[in-house]
Amino acid sequence: MLTLPNILTLSRILAVPLLAFLLWWPDWHFGYALGFVVYCIIAFTDYLDGYLARAQGTVSKLGIFLDPIADKIMVAAVILVLAAQGYMRGPYVGDLHVIAGLIILIREIAVSGLREFLGGTQVSIPVSKLAKWKTTFQLISLGALILGGAVNGPPCHSVYDNCGTLANNWIHLTGLTCLWAAAVLTLITGWDYLRVGLKHMD
């Protein structure tokens, strides 16, 4: 249990409450700056623990179990906090950007349940290239939304708000764009996983 990859994975889970705390106050620029640093460290350790486990030959059942859970806990926590503090709002459509976050959360829950079901049938679902792209867009989107809070504070909710031009809020808009890209890929990969799962259900 106490291998370095597993310790890194556990540290990611323990860091989530700290990250949520730093993002809790939408006008706290310094908190969002610290939150962005913590977020980047969590994302880096996500890559590092898998790399070390494979390089050292210490891949364990505990690590295989905890790694996707740590990812989902972090993503869910950040999406919920950012949505609650108004960072998933944007010009023209307002709160509708929250729907992209909901799509991602629903997919994560559904795929986790599907993997658990198929685990009992000794069937595994490999991670597709599209799923990796989904994860990439997801990480970029949440990181950009946090960074936008550090640089500009809460985003414009309307083009008529007196909080700068759209060009001045490009970091936030990049985050929202990548969030929708992740949501679209989420639907595609989620359907692919469901098709594989349905073949083993009768």
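The values are calculated or read from the model by the stated rules, or taken from the named source; none is laboratory data. Keep in mind the model is a prediction, meaning the values are calculated, not measured. With ideal geometry, Cβ positions are generated from the backbone for all residues, glycine too; neighbour counts draw on all protein chains shown. We work out accessible area using only protein heavy atoms, side chains counted, and drop any ligands, DNA or RNA first. Shrake-Rupley method; radii C 1.70, N 1.55, O 1.52, S 1.80 Å.
Which of the residues belonging to segment 44-90 are modelled with pLDDT of 85 or more, open to solvent by 30 Å² or more (accessible area, probe 1.4 Å) and in contact with a Gly (Cβ under 9 Å, 6 or more places away or on another chain)?
LEU80, ALA83, GLN85
Which members of segment 128-142 meet the condition of being among the β-branched types (Val, Ile, Thr) and crowded, with 18+ Cβ neighbours inside 10 Å? Write out each step before concluding.
Restricting attention to segment 128-142, the residues satisfying the condition of being among the β-branched types (Val, Ile, Thr) are 135-136, 140.
Scanning segment 128-142 gives THR135, ILE140.
Modelled with pLDDT under 75 and either under 29 Å from PRO5 (Cβ atoms) or not in a helix (DSSP H, G or I) (or both): does that describe ARG115?
Answer is yes for this residue.
Could you please give the count of residues in segment 23-43 that are in contact (Cβ under 8 Å) with a residue 60 or more places away in the chain and buried (at least 19 other Cβ atoms within 10 Å of the Cβ)?
Matching residues across segment 23-43 total 5.
Considering (1) farther than 20 Å from ALA20 by Cα; (2) at pLDDT 90 or above, say which one SER141 fails and leave the rest.
(1)
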